[in-house]
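Notes to accompany the following structure.
Bear in mind that the values in this text are calculations on the coordinates, not laboratory data. The model shown is predicted, which means the values in this text are computed figures rather than measured ones. Please note: Cβ atoms are built from the backbone with ideal geometry, for glycine as well, and neighbour counts cover all protein chains shown.
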Amino acid sequence: MTARNDNFSIITPWRKIIHIDMDAFYASVEQRDNPSLRDKPVAVGGSRQRGVVAAASYEARRYGVHSAMPSVTAARKCPRLIFVKPRFEVYRQVSEQIREIFYQYTDLVEPLSLDEAYLDVTHNKQSLALATGIALKIRAEIRQQLNLTASAGISYNKFLAKIASDYQKPDGQFLIHPLHALAFIDKLPIHKFFGIGRVTAGRMLQHGISNGAELRRHELADLVKWFGKSGNYYYHIARGHDDREVTPDRERKSISTESTFDTDLTGAEEIHEHVHQIAEELLRRMEKKNICGRTLTLKVKYADFRQVTRSRSLARCIRDDETLLQLARELTTEILPPPLGIRLLGLGISNLDTPTPTAGVQLTLDF
């Protein structure tokens with residue numbers, strides 16, 4: 001059944017979608033595990049001389065430090081910034097603990113990364129009536145069990161739940177109710193729309209589009225003419241439409257791991273040694289996910305930030321250590337001797353062999 005007015009149509013009864021987003025996840029784990037870092041500006045990843053920030057604590061963000069920022073820039077913005085080496089294995093373990101909390105309420109969990117996920121709680125395991133109540137309970141359990149904070153967005157679709165989770169950060173939650181969704185979208189600045197980046201927002205401003213109401217005034221044909229296939233997406237989200245289901249265990253296209261080095265690598269022996277270590281980490285991830293693949297790709301970033309890749313595909317799935325390590329060594333030999341020092345090495349496996357379970361979506365009403 002579909003309820004409509006002149007500009008807005010939604011499916012009723014509505015889905016109940018929660019987007020959970022951990023607060024400054026990597027940095028918060030480091031501050032939790034090392035009391036000397038608490039209440040101090042912390043950057044995970046990089047160093048004062050090189051690299052990029054993988055995550056920043058809220059204390060660091062007040063100075064304008066953010067993820068993907070060059071470390072040199074971050075140190076200039078915040079002279080007291082403390083750089084911490086990332087511990088991805090720890091973050092993965094904590095992420096799994098968080099997901100175990102999610103699974104107490106629903107099996108319809110779609111992880112987006114280690115620190116965020118969508119949950120469909122329309123029909124939940126604890127028969128709780130309100131999605132807002134479920135979000136409160138999940139956040140409370142994360143705090144109690146893991147001494148970390150999470151923010152939540154609640155709405156009837158993924159698009160709005162994702163936007164809502166950013167509204168009361170950190171350690172808060174926000175509901176965009178179906179009956180109020182259109183009014184919310186109308187006032188939403190165009191650069192706040194999930195899926196509209198800085199460049200596209202600038203192009204929209206050239207067409208007189210600065211918020212959701214102005215976006216909704218334009219016909220589908222115009223948006224497609226101006227923005228290509230993405231215009232169809234913009235047309236529908238401006239009207240609150242997003243029919244994407246929460247899909248558990250999304251099909252994974254690749255698994256990869258990489259390392260950035262404080263000092264550029266130049267010698268063949270040390271390059272082979274680091275690739276071997278990265279290959280072993282990749283094997284551990286493949287084994288943990290029970291996944292194999294047919295294509296191995298070596299990623300190399302040189303001191304001048306130029307990047308190259310080398311790939312090798314097999315007719316059979318790469319499952320054993322010996323095959324993967326041998327392929328990694330052969331690919332490494334292809335880039336030796338390096339024309340410049342190497343600042344980053346990575347390995348990825350693709351053309352995966354993995355099942356893709358699917359789940360239906362059930363519908364109900366109250367939020």
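Relative to the 2.2 N^0.38 Å rule of thumb, segment 254-353 has a C-alpha radius of gyration ratio of 1.02. For segment 254-353, a crude dipole built from +1 on the beta carbon of Lys and Arg and -1 on the beta carbon of Asp and Glu, taken about the Cα centre, is about 520 debye to the nearest 20. Restricting the trypsin sites (Lys or Arg not before Pro) of segment 13-68 to loop positions (DSSP other than H, G, I, E, B) with no more than 15 neighbouring Cβ atoms within 10 Å leaves R38, R48, R62.
Under a 10 Å cutoff between Cα atoms, tell me which one of E270, E280, E258 has the largest fluctuation in the Gaussian network model of the chain. Fluctuation is largest for E270. Shown here for segment 268-311: trypsin sites (Lys or Arg not before Pro) in loop regions (DSSP other than H, G, I, E, B) with at most 14 other Cβ atoms within 10 Å, namely R306. Take every pair of alpha-carbon atoms less than 8 Å apart whose residues are at least six positions apart; their mean separation over the length of segment 254-353 yields a relative contact order of 48 percent.
Dipole check for segment 78-203: with +1 at the C-beta of Lys and Arg, -1 at the C-beta of Asp and Glu, and the Cα centre as origin, the magnitude is about 500 Debye.
Once the C-beta distance of K253 and Q49 is scaled by a Förster radius of 25 Å, the resulting FRET efficiency is 0.15 to the nearest 0.05. Annotation for segment 59-113: chymotrypsin sites (Phe, Trp or Tyr not before Pro) lying in DSSP loop with at most 15 further Cβ atoms inside 10 Å of their Cβ are Y103. Lys and Arg at +1, Asp and Glu at -1: add these up for the other residues within a Cβ distance under 9 Å of S47 and post the number. Local net charge: +2.
Ordering M69, M204 by the number of other Cβ atoms within 10 Å of each residue's own Cβ, fewest first, gives M69, M204. Applying 1/(1 + (r/R0)^6) with r as the Cβ-Cβ distance of A315 and K187 and R0 = 45 angstrom yields a FRET efficiency of 0.20.
Cβ distances below 4.7 Å define possible disulfide partners, and in the chain the cysteines left without one are C78. Sum up the charges of everything whose Cβ sits under 11 Å from the Cβ of V121, counting Lys and Arg as +1 and Asp and Glu as -1, but leave V121 out. With Lys, Arg at +1 and Asp, Glu at -1, the neighbours total +2. For the chain, the residue among T106, H180, P337 whose Cα projects farthest onto the positive side of the dipole built from Cβ charges is H180. For the chain, taking Cα atoms only, Rg and Dmax work out to 22.9, 68 Å respectively.
So which residue, out of G172, G202, G51, gets the largest mean-square fluctuation from a GNM of the chain using Cα contacts under 10 Å as springs? Per the Cα network of the chain with a 10 Å cutoff, G202 tops the list. With contacts taken as Cα pairs under 8 Å at a separation of at least 6 residues, segment 121-271 carries a relative contact order of 15 percent. Within the listed set L340, L327, L352, the Gaussian network model of the chain (springs between alpha-carbon atoms below 10 Å) gives the highest mean-square fluctuation for L340. Of the cross-linked pairs K40/K85; K125/K192; K225/K253; K125/K158, those separated by over 27 Å at the C-alpha level are K125/K192; K225/K253. Normalised by the number of residues in the chain, the mean separation of alpha-carbon contacts (under 8 Å, six or more apart) gives a relative contact order of 17 percent. Magnitude of the charge dipole for the chain, about its Cα centre and with charges confined to Cβ atoms of Lys, Arg (+1) and Asp, Glu (-1), is about 940 debye.
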